[in-house]
Amino acid sequence: MRVATSQLEPGCLLTKDVMGRTNRPIVPKNTTIQPVHIDVLKKFKIDIVEVSNRRSDGSLFIASKPTDQEEDLHQEMRSEEPDLPFFESYLAAVQEYKKWFISWQGGSPLNISEIRKVMVPLLERAVDSAGREVFSLHHYTSSKDYIYHHSVAMGLLSSYVASKMGYNYGEWIQVGLAGLLADSGMAKVSERITWKEAPLTEREYEMVKNHPTYSYRNVEKISTLSNHAKVAILQHHERLDGTGYPLGVSQNKIHPFSQIIAVCDMYHAMTSERMYRRKQSPYKVLEEILQEQFGRYDHKVISALVKEMTNYSTGTQIRLSDHREAEVIFVEKTNPTRPLVRIIEDGQILPLKEQLDLHIEEVYE
């Protein structure tokens with residue numbers, strides 16, 4: 001929705017780049033607005049911006065009443081409101097998950113009918129999307145609401161990857177619901193640990209390692225969840241080399257669904273802002289996964305994730321980690337995260353596989 005700059009509040013989410021007189025945005029889309037951004041927009045005399053009707057924490061944003069002058073600007077630019085964009089539906093689901101999680105903390109059972117009503121349409125939209133929206137969910141994660149964002153994002157990412165691996169509709173819906181509910185058992189862990197703003201002690205970590213078991217107990221009697229989904233929830237922290245938890249089982253005893261959730265869990269956690277860890281670039285994370293995680297995770301799942309995230313064509317616009325804008329010229333199958341690119345500002349050709357100090361920060365639609 002369009003609002004006047006004076007109506008912005010900290011926590012608002014930009015849905016469109018705010019452009020100045022250069023090719024670079026003054027403030028890029030997906031930015032969570034802070035007071036400094038509002039000051040910058042006013043200094044550049046930006047009157048109207050486009051924002052989500054939900055803040056980054058998922059709560060509704062209701063703009064303050066506009067002045068007569070602002071109302072005139074709105075009138076000039078007003079158009080019919082379209083259906084909710086994907087990310088706004090995602091934020092609404094995060095808000096719903098937060099309500100469910102708080103109720104589970106109070107001892108209420110899972111209401112799978114309510115969960116399916118909210119999540120199944122969103123899982124369908126995720127799978128029908130081109131993927132870019134699904135792989136941008138980390139932009140909206142706030143550290144204070146991380147656990148709610150993380151669970152919804154795990155569900156969406158898991159169903160998307162499962163669909164691309166050839167699983168049928170019923171299977172990727174089950175994978176998505178399992179991804180969503182995999183951390184539901186965290187509601188049984190002490191809030192002091194869940195929201196701790198520093199790394200966990202060894203004893204605290206041992207307590208957290210019980211959450212897959214708690215999650216399994218939450219769903220074991222739900223008939224509309226398949227046994228495959230239930231096992232995936234229990235095993236989503238197991239690793240092929242036997243180093244995972246809660247049971248420490250290894251390769252031939254681990255269900256394939258659990259590996260899809262495990263990889264998506266790791267990817268979203270590493271790319272999201274958390275209480276005690278800063279987020280990383282998705283493409284830098286992909287490189288770390290490719291270099292370090294084979295042997296612990298199913299290579300077919302990792303390959304599917306990498307293929308979908310690096311499915312950019314010639315001419316795709318990107319932003320590098322040094323903030324320069326570029327376009328993709330050529331992609332080598334052996335180095336999908338490091339294509340040959342052309343810098344837009346000066347036309348310089350860069351083979352990223354030889355520029356190890358640089359990585360792709362963002363891929364534009």
Checklist entry - Which whole-number value in Å³ per residue fits the convex hull of the alpha carbons of the chain? => result 156 Å³
Item to check | Relative contact order of the chain, defined on C-alpha pairs under 8 angstrom at six or more residues apart (%) | outcome: 11 percent
Checklist entry - Which pairs in the list Lys209/Lys230; Lys99/Lys300; Lys98/Lys230; Lys117/Lys333; Lys99/Lys209 are over 28 Å apart, alpha-carbon to alpha-carbon? => result Lys99/Lys300; Lys117/Lys333
Next on the checklist: Below 16 Å, Cα to Cα, which aspartates and glutamates can Lys164 reach? Residues fewer than 8 away in the same chain don't count.
Outcome noted: Glu124, Asp128, Glu133, Asp298, Glu308
Checklist entry - For the pair Lys144 and Gln105, how long in nm is the line joining their label points, each one 7 Å along Cα→Cβ? => result 1.3 nm
Checklist entry - If we count every other residue with Cβ under 13 angstrom of Lys196's Cβ, Lys/Arg +1 and Asp/Glu -1, where does the sum land? => result +2
Next on the checklist: Explain nothing, just the number: relative contact order of the stretch 310-351, from Cα pairs under 8 Å at least 6 residues apart, as a whole percent.
Outcome noted: 29 percent
Item to check | Degrees between helix 112-128 axis and first principal axis of the chain (Cα, 0 to 90, nearest 10) | outcome: 60 degrees
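For a protection proxy built on the mean count of beta-carbon atoms within 10 angstrom, sort 212-224, 230-242 highest first, please. It would help to have the intermediate numbers written out before the result.
Numbers: 212-224: 16.8, 230-242: 22.5.
So the order, starting with the most tightly packed, is 230-242, 212-224.
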Checklist outcome for this item: Bounding extents of the stretch 188-291 in its principal axis frame from Cα atoms, largest first in Å, are 38, 34, 26
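Jot down the per residue volume, in cubic angstrom and as a whole number, of the convex hull over the alpha-carbon atoms of the stretch 243-341. Could the numbers behind the result be given before it?
Details: hull volume 11.5 nm³, N = 99.
Value for the stretch 243-341: 116 Å³ per residue.
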Next on the checklist: Pairs of alpha-carbon atoms within less than 8 angstrom and 6+ residues apart define the contacts here; what relative contact order does the stretch 235-327 have, in percent?
Outcome noted: 20 percent
Checklist outcome for this item: For Tyr364, the residues 5 or more places away or on another chain with a placed amide H closer than 5 Å to its own amide H are Gln317, Ile318, Arg319
Checklist outcome for this item: For the chain, the longest principal axis of the Cα atoms and the Cα long axis of helix 86-105 enclose an angle in degrees, to the nearest 10, of 40 degrees
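Taken together, the values in this text are just the output of simple stated rules run on the coordinates, not laboratory data. None of these values were measured; they are calculated from a predicted model. Methodologically, a virtual Cβ is constructed for each residue, glycine included, from the backbone with ideal geometry; neighbour enumeration extends over all protein chains shown.
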